[in-house]
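Have a look at the structure below, then the notes.
Laboratory data are not the source of any read-out in this text; all were calculated from the coordinates shown. Note that the coordinates shown come from a computational prediction; the quantities given were computed from them, not determined experimentally. So basically every Cβ, Gly included, is an ideal-geometry build from the backbone, and we count neighbours across all protein chains shown.
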Amino acid sequence: MSVIYKPTGMAREYSPYALNLYIGCSHHCKYCYAPHTLQRAEENYFGKPSPRKDVLKYLEKDLQKNVYYEQILLSFIGDVYCDNSDDSQTTRTALELLSAYHAPVAVLSKGGKKMLRDLDVFKTFEDRIAAGTTLTFHDETKSRAWEPYASSPKERLETLKILHENGIKTFASFEPTIEPKESLKLIERTLEENSVDHYKIGKINHYKDADKWQDWRRYLIDCIALLRPAGKEVYYKFCLRRLAPDVPLTKEEKTPDEYIVRA
Ligand code: SF4
């Protein structure tokens, strides 16, 4: 059984390869699409997940059999630094294996400072790793309402700063954007702190009639106005671009794999 796989559909915009170590998540985000994707009842998804059976054994077999030149994202399903049954020991061992086989990796987490426990392993990848977080709300109360058990916005911003100061390439995912004003405030914070190298910008999807809530064209224009002068790497996701086809974007801003990590 192969545990490193090629995502399809909207997930493919994020990464050419992915690896899910735990099936389930403790963060309990209101907009989480994973139970639907897995066709699981919410009560069988949200909670304290255990590592997938023999996932490290299968990972090593994959790495022995194949050479990966393009990034493997940890993870689409769950969060490798949520509150899990082995305190993310499987995450650490998986990263050690991936590093030993020179595989390029991107780690996306809302676990905040828990990520920093593996900073020493991140460093062994040299330039073959990017570590990032989803930034959703600047306002603590709103963040708690939508992502009740994830780390606070303050902690996520501090984590990005520490990762960046330690020479790790950082990225921030603005998917979902729920309230553009909140996301724009977060972009401003990361620019002031110079803590993010690469931005992925999208919007909320698959949640009630979210498309109708906001002026997404205005949001795209405002993001461009902030990020282009700063000279940052930015990718605008198709779900956002398609709602503002008249807004001119550069080739790089529309190319999903432009800024991925490579071997
Ligand atoms: S962190 Fe991701 S997988 Fe976990 S609950 Fe939130 S959206 Fe779902």
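Summary of computed values
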read-out	value
Counting DSSP beta bridges with both ends in the chain, the antiparallel % (nearest 5)	15 percent
Two-decimal Rg/Rh across the chain, once Rg and the Kirkwood Rh are taken from alpha-carbon atoms	0.94
C-alpha long axis of helix 89-100 to longest principal axis of the chain, angle in °	90 degrees
Per-peptide average of other Cβ atoms within 10 Å, ordering 180-187, 101-108 highest first	101-108, 180-187
Which listed pairs, of Lys123/Lys154; Lys208/Lys237; Lys110/Lys254; Lys142/Lys169; Lys212/Lys251, have C-alpha distances above 22 Å, in listed order	Lys123/Lys154; Lys110/Lys254; Lys142/Lys169; Lys212/Lys251
Cβ-defined net charge surrounding Ser99, 14 Å radius [Lys, Arg +1; Asp, Glu -1]	-3
Trypsin sites (Lys or Arg not before Pro) within the range 210-252: DSSP coil, no more than 10 neighbouring Cβ in 10 Å	Arg242
Relative packing of 119-132, 6-19, 69-82, 37-50, which averages over residues the other C-beta atoms within 10 Å, highest first	69-82, 119-132, 6-19, 37-50
Centroid-to-centroid separation of the range 121-162 and the range 52-84 [C-alpha atoms, Å]	20 Å
Overall form of the range 41-196 per C-alpha gyration tensor (a/c, 1.5; a/b vs b/c)	oblate
